[in-house]
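Written out below as structure tokens is the structure these notes cover.
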Amino acid sequence: MRVGFVLQEVGTGLRRNVTLTVAVIITVAVSLSLFGASLLVRAQVGQMKDYWYDRVEVSIFLCGDISDAPSCSDGEVSKEEKDKIREELNNLKPLVETVYYESKSDALKRFREQFKDSPLADTASEDQMPESFRVKLSDPTKFAVIAAAFIDRSGVEDVRDQRASLERLFKALSGLQNLALVIAAVMLVVTGLLISNTMRVAAFSRRRETSIMRLVGASNWSIRFPFLVEAAFAAILGTAVAVGALAAGKYYLIDQTLASTFTFTTFIDWNALYAIIPILLATGIGLAVVAAGITLRKYLKV
Amino acid sequence: MIRFENVTKLYKGASRPALDDVSVDIEKGEFVFLVGASGSGKSTFLRLALREERPTSGNIWVAGKDLNKLPSWKVPMLRRQIGCVFQDFRLLPNKTVAGNVAFALEVIGRPSSEIKRVIPNVLELVGLEGKEDSYPNEISGGEQQRVAIARAFINRPAVLIADEPTGNLDPETSVGIMKLLDRINRIGTTVVMATHDVAIVDQMRKRVIEIDTGHVVRDQARGVYGAGA
């Protein structure tokens with residue numbers, strides 16, 4: 001098969017079915033945008049997990065004189081109790097990576113920093129702040145070990161895992177991501193069906209050519225090849241549109257809006273987008289070629 | 001060149017076979033008329049020889065190949081050795097005369113230098129010099145059939161199968177087409193032609209095979225259209 005001849009056939013085919021080709025390009029673009037978006041969300045969630053789990057701590061809040069937890073019935077935590085807790089934490093190495101004691105004045109400083117734009121910052125006083133041990137674990141999933149050791153002990157008001165509150169956030173995010181994946185999967189199936197239908201119409205509109213090709217002894221492969229190239233061409237264009245849409249989304253939604261609003265976390269960079277381009281391209285072309293190939297087997301039989 | 005050995009073809013859902021235990025042997029270089037009423041099985045015979053259909057039972061050899069044993073990926077190679085001409089010409093309306101003939105070579109991947117070289121020869125053979133750049137709707141039916149014959153012949157096939165090639169043409173034009181087919185036959189090509197054209201068959205005096213309701217009822221060298229004449 002000569003390249004020039006194949007290209008000429010492909011060009012004829014695309015011109016003849018221009019509306020269907022455009023429909024294929026659009027559905028490929030929409031489904032791959034969704035698919036790509038869900039991949040990017042996953043990358044984002046992964047990055048946030050790395051970022052946050054690296055920073056989460058277990059907080060052991062100690063009883064103050066205003067605490068009303070049952071374990072605080074003896075009043076404010078004593079120095080002996082604090083020393084005991086610190087010693088036990090040190091014995092839990094290497095699970096316990098670092099232990100940091102936060103005094104009431106440290107806690108107030110942090111509180112004022114967190115609420116610096118709010119009137120709360122001015123009304124808070126040192127007495128209202130809890131003392132605490134901030135414990136960083138080498139394996140953040142082993143929170144239960146710390147909780148079992150220190151909860152309900154006299155002088156400890158509460159043991160809290162920051163990871164638990166993050167987990168809820170990540171659960172919501174991965175729910176969103178799964179939803180996007182499901183929609184993308186449905187769209188990909190629709191795209192496959194549309195491509196298959198388009199190929200059927202293309203095969204029908206060129207049945208004269210293909211019947212002559214069969215008669216003069218063109219191989220199966222050379223009869224189907226122009227159709228496959230057509231499908232792949234539409235898929236590549238659709239993928240390009242999808243990549244463009246994702247790049248625009250990344251630029252306007254993340255770089256221009258989210259990144260400046262939510263400074264407490266990092267966002268995916270352009271490399272995350274570059275990384276999924278081959279996946280999208282392979283999915284788009286693969287889908288088109290498989291859908292077209294199955295249809296053509298049926299309609300362009302020797 | 002074409003050998004049918006006890007070939008039966010029963011189409012799905014049909015009550016009687018389209019061909020019933022047919023045995024025919026066509027030698028290399030022969031010119032054979034296939035005659036019979038519509039639905040007698042002529043077209044089935046041709047389709048089986050082209051391996052567009054496969055027999056229900058029996059063996060078929062074409063150009064030295066046992067079609068029952070021929071793997072489907074080799075079918076295109078078989079068809080390159082068989083030229084085909086039809087009643088409805090089957091030309092591509094958006095291609096010129098030269099383009100239609102070239103198409104047959106392009107789709108089997110011949111280099112364009114070769115195509116440019118052989119097209120003028122074959123167009124001259126069929127008597128279409130000067131019409132290279134005309135489109136099918138600009139030329140007469142007889143000329144269109146000549147284009148189809150040129151396309152069928154350009155690969156120098158061993159066999160030329162013609163399914164009622166004069167069915168759409170007036171008697172005078174038909175004579176011209178028959179002269180052309182005769183010429184192609186004289187070059188050494190086996191020609192098998194299904195037809196209803198009494199005048200042509202009677203005039204040419206070639207071998208006649210008559211098929212009726214799936215049976216070969218007559219196989220006569222230098223025969224005529226009607227039986228008993």
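The values are calculated or read from the model by the stated rules, or taken from the named source; none is laboratory data. All values reported here derive from a predicted model rather than from experimental measurement. We place every Cβ from the backbone using ideal geometry, glycine too, and count neighbours over all the protein chains shown. Each accessible area value is taken on the protein alone, full model and side chains, heavy atoms only, with ligands, DNA and RNA left out. Shrake-Rupley method; radii C 1.70, N 1.55, O 1.52, S 1.80 Å.
Taking region A:230-272, which residues are assigned to a helix (DSSP H, G or I) and acidic (Asp, Glu)?
Listed by number, the residues that qualify are A:Glu230, A:Asp255.
Identify, please: which residue in region A:239-253 is crowded, with 18+ Cβ neighbours inside 10 Å and out of contact with any Ser or Thr (no Cβ under 7 Å at 6 or more places or on another chain) and is, among those, farthest from the other protein chains (Cβ to nearest Cβ)?
Taking region A:239-253 and keeping what is crowded, with 18+ Cβ neighbours inside 10 Å, we get A:239-240, A:242-243, A:246, A:250.
Filter again for out of contact with any Ser or Thr (no Cβ under 7 Å at 6 or more places or on another chain), leaving A:239-240, A:243, A:250.
Working: A:Thr239: 30, A:Ala240: 30, A:Val243: 35, A:Lys250: 45 Å.
Top of the filtered list is A:Lys250.
Of everything in region B:143-165, what is in contact with a Ser or Thr (Cβ under 6 Å, 6 or more places away or on another chain) and either open to solvent by 40 Å² or more (accessible area, probe 1.4 Å) or over 22 Å from B:Glu124 (Cβ atoms) (or both)? Give them in sequence order.
We begin by selecting, within region B:143-165, every residue in contact with a Ser or Thr (Cβ under 6 Å, 6 or more places away or on another chain); these are B:159-160, B:164.
The answer is B:Val159, B:Glu164.
Name the residues in region A:201-233 that are within 14 Å of chain B (Cβ to nearest Cβ), open to solvent by less than 40 Å² (accessible area, probe 1.4 Å), touching a Leu at 6+ places or on another chain (Cβ under 8 Å) and not aliphatic (A, V, I, L, M), would you?
A:Glu209, A:Thr210, A:Gly217, A:Phe227
Considering only region A:42-161, give the helices (runs of 4 or more DSSP H) lying wholly within it that have at least 3 residues that are open to solvent by 40 Å² or more (accessible area, probe 1.4 Å) and of a type in the set (D, E, K, R).
In region A:42-161, the matching helices (runs of 4 or more DSSP H) lie at A:79-91, A:104-114.
Say we look at region B:107-126 and pick out the residues that are farther than 24 Å from B:Gln145 by Cβ and part of a loop (DSSP other than H, G, I, E, B); which of these is farthest from the other protein chains (Cβ to nearest Cβ)?
Applying the filter and picking the extreme gives B:Pro111.
Restricting attention to region A:11-39, which residues are under 21 Å from A:Ala184 (Cβ atoms) and either open to solvent by less than 20 Å² (accessible area, probe 1.4 Å) or not assigned by TED's automatic domain parsing to the domain that holds A:Leu181 (or both)?
Of everything in region A:11-39, those that are under 21 Å from A:Ala184 (Cβ atoms) and either open to solvent by less than 20 Å² (accessible area, probe 1.4 Å) or not assigned by TED's automatic domain parsing to the domain that holds A:Leu181 (or both) turn out to be A:Val24, A:Val28, A:Ala29, A:Ser31, A:Leu32, A:Gly36, A:Ser38.
Answer yes or no: is there a residue in region A:99-112 that is closer than 25 Å to A:Thr265 by Cα and among the β-branched types (Val, Ile, Thr).
yes
Out of everything in region B:49-75 that is open to solvent by less than 20 Å² (accessible area, probe 1.4 Å) and without any contact (Cβ under 8 Å) to a residue 24 or more places away in the chain, what residue ends up being nearest to the other protein chains (Cβ to nearest Cβ)?
Ranking the qualifying residues of region B:49-75, first place goes to B:Leu70.
Here is a check on your reading of the model: is A:Leu181 more than 14 Å from chain B (Cβ to nearest Cβ), more than 24 Å from the chain's Cα centre (by Cα) and open to solvent by 20 Å² or more (accessible area, probe 1.4 Å)?
No; evaluated as a whole, the condition is false for this residue.
Regarding A:Thr198, is this residue assigned to a helix (DSSP H, G or I) and more than 10 Å from every other protein chain (Cβ to nearest Cβ)? Before you say what the answer is, go through the steps one by one.
Numbers: assigned to a helix (DSSP H, G or I): yes; more than 10 Å from every other protein chain (Cβ to nearest Cβ): yes.
When the stated conditions are applied, A:Thr198 passes them.
Please indicate, with yes or no, whether at least one residue in region B:159-180 is more than 14 Å from the chain's Cα centre (by Cα) and under 20 Å from B:Ala104 (Cβ atoms).
No - not one qualifying residue is present in region B:159-180.
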